[in-house]
Amino acid sequence: MTATVLGVSQLLARFARTETLGKVATVAGQAATAREVQDSAQAKVPVDTGALQASIQALPDRVIVGATYAPFVEFGTSNMAAQPYLRPAADEATGREAEAEMERIVSQA
């Protein structure tokens with residue numbers, strides 16, 4: 001007895017497209033979360049000249065802070081109390097934007 005499965009190539013193509021969409025959705029979700037953390041950190045950071053605030057940048061998969069003195073503000077020194085802004089922003093990130101972006105992409109499947 002032999003069985004023939006019809007539509008295997010179409011099914012495999014659909015799997016490949018779904019896998020690709022999943023990867024795209026994941027990257028888009030990471031970028032959306034990074035933007036959310038950036039916005040929150042820029043709102044929380046203490047502002048004197050604005051240089052630290054302006055140096056907070058969202059990359060596709062992380063948030064970086066370019067000001068060389070950023071760790072001293074975040075963690076404090078022996079002469080200055082900590083003024084955390086980045087860790088609280090990351091802790092408070094809800095991921096709602098990421099979830100919405102991922103849903104939008106996956107729904108195209």
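Within the stretch 29-55, the only residue that satisfies the criterion of being buried (at least 20 other Cβ atoms within 10 Å of the Cβ) and of a type in the set (D, E, K, R) is Glu36. The residues of the stretch 12-56 that are out of contact with any strand residue (DSSP E or B) (no Cβ under 6 Å at 6 or more places or on another chain), part of a helix (DSSP H, G or I), within 28 Å of Ala82 (Cα to Cα) and of a type in the set (Val, Ile, Thr) amount to a single one, Thr33. Return a yes/no flag: does the stretch 64-86 have any residue that is modelled with pLDDT under 95 and either part of a helix (DSSP H, G or I) or of a type in the set (Gly, Ala, Ser) (or both). Looking through the stretch 64-86, none of the residues is modelled with pLDDT under 95 and either part of a helix (DSSP H, G or I) or of a type in the set (Gly, Ala, Ser) (or both). Restricting the stretch 56-89 to residues that are loosely packed, with under 15 Cβ neighbours inside 10 Å and touching a residue at least 24 places away in the same chain (Cβ under 8 Å) leaves a set whose member that is farthest from Gln38 (Cα to Cα) is Gln83.
The values are calculated or read from the model by the stated rules, or taken from the named source; none is laboratory data. In this text the structure is predicted, and so the values were computed from the model without any measurement. Glycine also receives a Cβ, built like all others from the backbone with ideal geometry; neighbour counts cover every protein chain displayed.
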